[in-house]
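Read through the structure below, which is laid out as structure tokens, and then see the notes.
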Amino acid sequence: MAKPNIDFSKLTTTLTQTPKELLDQSELKFGKYFTDHMLCIKYTEDNGWEAPEIMPYGPLAIDPAAFVLNYSVEAFEGTKAYRAADGTINLFRPEKNLQRLASSSQRILLPEFDQEQFLECIKELVRVDQRFVPKDYGYSMYIRPNFIGTEPNLNLQYSREALLYVYLSP
């Protein structure tokens, strides 16, 4: 029986109860300020991909013996969301970004994921936090997908548990 892959239709969203104040664009410094929400999708070898979740931005709970902390089993990418002249929000080459993430994760034996479904989840995260996408020309919001091995195990093998998560930084 095939294990579940990422399924955008199962995405749940929990909105923050404490929205952050928007900074003036002139005060923004790259990577120092984060939006209200993040996207998390857990994987286990036994059950496949769980339902994606958009949740309030905050710390991750991770076991001290997780693969990422002991063997650096991790991959990340970065892309941007920006406003076009008509005010619509566009993503900069997200398909290429996800192809690189998938290629990197394959090399470190993290599980495969459905790139199209993951991209739909990212688009929804950007939509939820769209108020953070700067309005002026030349500014953008950074999108940081991360993929980490989370299985608590010190054996040298592949991680049978993983977390794919995304946060945003204007």
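One table, with the values for the structure above:
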item	result
PRO134 vs. criteria modelled with pLDDT under 95 and either touching a Leu at 6+ places or on another chain (Cβ under 8 Å) or of a type in the set (Val, Ile, Thr) (or both)	yes
Qualifying helices (runs of 4 or more DSSP H) (wholly inside the range 31-148; at least 3 residues being free of Cβ contacts under 8 Å to residues at least 60 places away in the same chain, more than 23 Å from SER159 (Cα to Cα) and out of contact with any Pro (no Cβ under 6 Å at 6 or more places or on another chain))	94-107, 115-128
Residue in the range 89-99 that is over 19 Å from LYS29 (Cα atoms) and open to solvent by less than 10 Å² (accessible area, probe 1.4 Å) present	yes
From the options SER169, SER140, residue that is among the small types (Gly, Ala, Ser) and more than 16 Å from the chain's Cα centre (by Cα)	SER140
Residues that are open to solvent by 80 Å² or more (accessible area, probe 1.4 Å) and modelled with pLDDT of 95 or more, drawn from the range 70-81	GLU74, PHE76, LYS80
Matching residues, the range 21-30, being loosely packed, with under 15 Cβ neighbours inside 10 Å and either of a type in the set (S, T, N, Q) or part of a loop (DSSP other than H, G, I, E, B) (or both)	GLU21, LEU22, LEU23, ASP24, GLN25, SER26, LYS29, PHE30
Given (1) at pLDDT below 95; (2) out of contact with any Gly (no Cβ under 6 Å at 6 or more places or on another chain), index of the condition GLU53 fails	(1)
The range 1-14: number of residues that are open to solvent by 100 Å² or more (accessible area, probe 1.4 Å) and in contact (Cβ under 8 Å) with a residue 24 or more places away in the chain	2
Any hit, the range 149-159, residues being surrounded by 13 or more Cβ atoms within 10 Å (Cβ to Cβ) and out of contact with any helix residue (DSSP H, G or I) (no Cβ under 9 Å at 6 or more places or on another chain)	no
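The values are calculated or read from the model by the stated rules, or taken from the named source; none is laboratory data. Remember, it's a predicted structure, so these values are computed and weren't measured experimentally. Here the Cβ is made from the backbone with ideal geometry for all residues, glycine too, and neighbour counts use every protein chain on show. The accessibility values were calculated without ligands, DNA or RNA, using every heavy atom of the protein model including side chains. Shrake-Rupley method; radii C 1.70, N 1.55, O 1.52, S 1.80 Å.
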